[in-house]
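The values are calculated or read from the model by the stated rules, or taken from the named source; none is laboratory data. Small disclaimer: the values here were computed from a predicted structure and weren't measured. Because the Cβ atoms are built from the backbone with ideal geometry, glycine has one as well, and the counts that use them run over all protein chains shown.
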Amino acid sequence: MDSLTHIAIGACIGDLFLGKKIGKKAMLYGAIAASLPDIDFITSFWMNTPDDLLAHRGFTHSFLFAFLIIILLAIFFRKRHSAEEIPVKTWLVFMGTEIFSHIFIDAFNAYGIGWFEPFSHYRVSFNVIFVADPFFSIWPGIAAICLLILNRNSNKRRRIAKLGLIFCSLYLLYCFSNKIRIDNKTRYALIQKGIHYNRYLTTPTPFNNWLWYVVAETDAGYQIGYCSVFDKNEPIEFKYFPRNDSLLKPWNGRRDLRKLIRFSRGYYTAGISNHGIVFNDLRFGQIMGWENNDADFVFHYYLNEPGANYLIIQRGRFANWNWNSVRAFIHRIRGN
């Protein structure tokens, strides 16, 4: 999830654990601990783009890192607050809840997370919620603001912190139910249209959990479409994109291409652009693809110009958006 969401959730957890003992410092410690796995952003200052893609949500989001940092944090804060005589066990459970909340929530996005690094490079990705979903984040956000305002001795604090975490958890369960519905619609549409597929993925479009992006892999390419939970019985309309592996032959064996294929989990196509050959990771959707099924993919990497690849996951995601685009987006969310 986005950084603000992790901070808000961490603050609520912190207040629940230690708010009565150390006051609002518990919120600060919780926000810091819940944000620590994202320290991997530092690697972007010296790594090239393909390496940075795999480093982000890699080792610092692994179980091994979690166990190590939990122990270190617990020892550090136990010494810092020795006067309060808070048992080290309490600090371990507190920091464990904070760190694991982060790496657990991040696994529900499309990016993927390296839970098992460095022993396995497999990245976990449940594709249940968009990386920034205001309907998920608003509840802990409101709760955290209220906790900052309320007096540390207020009897309302625990109830507010609990409600913030409960409501976002309930929303996540709702997202799971949407995921199941969309998966069922996807399989039905593929069978009805006679499309033979090897695997498929479904993931939410930006800032909501009602309009979903669908990718079905075939032997030579991908069928791509969009489906709303509010769509009636009409099957999903798919657009076919060939994989175009032949375009990548001049780069076979090149390190950045191998890294990109690994990062994409095999969901990729190659194409030709003004910058030469472009590598598309299909998992992150198209630029307003629900309006134009021929739209460019959000994630595209210029193989001819590796130095021109910056923020490639977000490149163009909101290009040309205006009020008409927003209205069209909302209209598509409402169903066909």
*Selection within region 306-336 - more than 21 Å from N209 (Cβ to Cβ) and more than 20 Å from the chain's Cα centre (by Cα)*: P306, G307, A308, N309, A319, N320, N322, W323, N324
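Condition check ((1) under 21 Å from W139 (Cβ atoms); (2) within 23 Å of the chain's Cα centre (by Cα); (3) not β-branched (V, I, T); (4) not in a helix (DSSP H, G or I)) across all residues:
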position: G164; (1), (2), (3), (4): yes, yes, yes, no
position: C175; (1), (2), (3), (4): yes, yes, yes, no
position: R181; (1), (2), (3), (4): no, yes, yes, no
position: G225; (1), (2), (3), (4): no, yes, yes, yes
*asked:* Residue pairs, Cβ under 6 Å, 6 or more apart or interchain, first in region 138-163 and in the same structural domain as G14 (by TED's automatic domain parsing) and charged (D, E, K, R), second outside any helix (DSSP H, G or I) and surrounded by fewer than 15 Cβ atoms within 10 Å (Cβ to Cβ). List them.
replied: R152/G23
*Do we have D231 as without any contact (Cβ under 8 Å) to a residue 40 or more places away in the chain, among the charged types (D, E, K, R) and either touching a Gly at 6+ places or on another chain (Cβ under 8 Å) or part of a loop (DSSP other than H, G, I, E, B) (or both) here?*
no
*State all residues of region 255-269 that are farther than 17 Å from F297 by Cα and either among the acidic types (D, E) or surrounded by fewer than 16 Cβ atoms within 10 Å (Cβ to Cβ) (or both); if no residue qualifies, say none.*
R255, D256, R258, R262
*Looking at region 73-91, is at least one residue charged (D, E, K, R) and within 18 Å of the chain's Cα centre (by Cα)?*
no
*asked:* Can you say whether R123 is more than 30 Å from R283 (Cβ to Cβ), in contact (Cβ under 8 Å) with a residue 24 or more places away in the chain and assigned by TED's automatic domain parsing to the domain that holds A34, as far as the supplied structure shows?
replied: no
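Being of a type in the set (V, I, T), buried (at least 16 other Cβ atoms within 10 Å of the Cβ) and out of contact with any strand residue (DSSP E or B) (no Cβ under 7 Å at 6 or more places or on another chain) is true for just one of I129, I138. Which residue is that?
Within the list I129, I138, the selection yields I138.
Given the residues F119, F108, F77, which is the only one that is out of contact with any Ser or Thr (no Cβ under 9 Å at 6 or more places or on another chain) and either at negative phi or aliphatic (A, V, I, L, M) (or both)?
Values: F119 fails: out of contact with any Ser or Thr (no Cβ under 9 Å at 6 or more places or on another chain); F108 fails: out of contact with any Ser or Thr (no Cβ under 9 Å at 6 or more places or on another chain).
Matching residue, one of F119, F108, F77: F77.
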*Could you list, in sequence order, all residues of region 1-16 that are modelled with pLDDT of 95 or more and of a type outside the set (A, V, I, L, M)?*
T5, H6, G10, C12, G14, D15
*Among the residues listed as L73, L18, L53, the single one being in the same structural domain as A144 (by TED's automatic domain parsing), part of a helix (DSSP H, G or I) and surrounded by fewer than 22 Cβ atoms within 10 Å (Cβ to Cβ)*: L73
*Mind checking which pairs have a first residue in region 61-82 that is more than 23 Å from F41 (Cβ to Cβ) and a second that is among the hydroxyl-bearing types (S, T, Y) and in a helix (DSSP H, G or I), Cβ under 8 Å, 6 or more apart or different chains?*
F77/Y29
